[in-house]
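Step one of this worksheet: look at the structure below.
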Amino acid sequence: ESQANSFTNDSAAADMGFSTATVLDPFWADPALCERNESPLACEYRLTQPSVAIIMLGQIDINYGGPAPAEQYRANMEQIIQRSIDQGVIPVLTTIVFLPQREDVWPVSMDYNSALVDLAEEYQIPLINLWSAVQTLPNAGIGPDRSHLKARVGDFCNFNGPEQELAVE
């Protein structure tokens with residue numbers, strides 16, 4: 001029997017396709033879990049009452065959102081930060097990673113990461129610079145789909161080796 005923990009929690013604010021706008025929009029909240037007019041972010045905080053939230057958003061904003069201009073991304077992240085702080089939650093921002101070869105999105109990802117660094121400094125909140133940490137890994141830790149961090153299916157958040165293996169193309 002597995003024990004529930006922060007890494008196995010099925011979060012109301014983390015789902016495939018969620019962007020910075022989505023977590024703020026009540027339309028995307030799970031009606032089985034969330035109250036009327038409650039955003040996925042507010043719902044998650046009400047349900048789990050966390051003291052800390054690790055927040056990594058931006059890949060969907062870039063890949064499927066157009067991409068959203070860095071100013072819009074920053075404004076959404078600022079709302080997420082402020083709502084977290086208002087709920088007594090320490091937001092921990094995490095930079096995002098794209099391959100430089102993805103010339104269509106890499107420059108925008110750098111603008112997004114700059115916004116995250118600025119927001120962390122402005123709000124005096126923690127920042128995990130994942131982008132910097134993965135630079136020495138093969139393909140910056142990105143898997144064969146050229147979008148997601150490499151991990152064995154069903155073995156996420158263990159960091160037990162696959163992220164350091166060379167991709168077989």
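From the P(r) of segment 1-140, can you give the percent of Cα pairs sitting at distances over 20 Å?
Details: 4686 of 9730 pairs.
Considering segment 1-140, 48 percent of its Cα-Cα pairs are separated by more than 20 Å.
Simple spin-label model, 7 Å along Cα-to-Cβ: residue 10 to residue 101 in nm?
The modelled label-to-label distance comes out at 3.6 nm.
Just the accessible area per residue of segment 67-148, please: how many Å² with a 1.4 Å probe?
Numbers: 4080 Å² over 82 residues.
About 50 Å² of surface per residue is accessible.
Give the separation of the Cα centroids, segment 124-147 to segment 7-79, in Å.
After rounding, the separation between the Cα centres reads 21 Å.
Taking a ≥ b ≥ c as the square roots of the Cα gyration tensor eigenvalues, with a/c under 1.5 meaning rounded and otherwise prolate when a/b beats b/c, else oblate, which class fits segment 15-61? If you can, show how the numbers build up before the last one.
Values: a/c = 2.26, a/b = 1.17, b/c = 1.94.
Note, shape of segment 15-61 comes out oblate.
Shape verdict for segment 70-144, please, from the Cα gyration tensor: rounded (a/c under 1.5), prolate (a/b greater than b/c) or oblate.
Prolate, because a/c is 1.5 or more and a/b exceeds b/c.
For segment 66-111, just list the percent of Cα-Cα distances falling in each 5 Å bin from zero outward, please.
Final binned percentages: 5, 20, 22, 22, 15, 10, 6, 2.
Can you give me the % of accessible surface on segment 1-140 that is carbon or sulfur? Probe 1.4 Å, all protein chains present, nothing else counted.
On the way: 4170 of 8030 Å².
The nonpolar share, carbon plus sulfur, comes to 52 percent.
Once you put a point 7 Å from the Cα of residue 47 and another 7 Å from the Cα of residue 117, both along the Cβ direction, what distance in nm separates them?
My value for the distance between the label points is 3.5 nm.
The values are calculated or read from the model by the stated rules, or taken from the named source; none is laboratory data. Remember, it's a predicted structure, so these values are computed and weren't measured experimentally. Every residue, glycine as well, gets a Cβ built from its backbone with ideal geometry; the counts of neighbours run over all protein chains shown. Side chains are part of the model used for accessible areas, which takes the heavy atoms of the whole protein and leaves out ligands, DNA and RNA. Shrake-Rupley method; radii C 1.70, N 1.55, O 1.52, S 1.80 Å.
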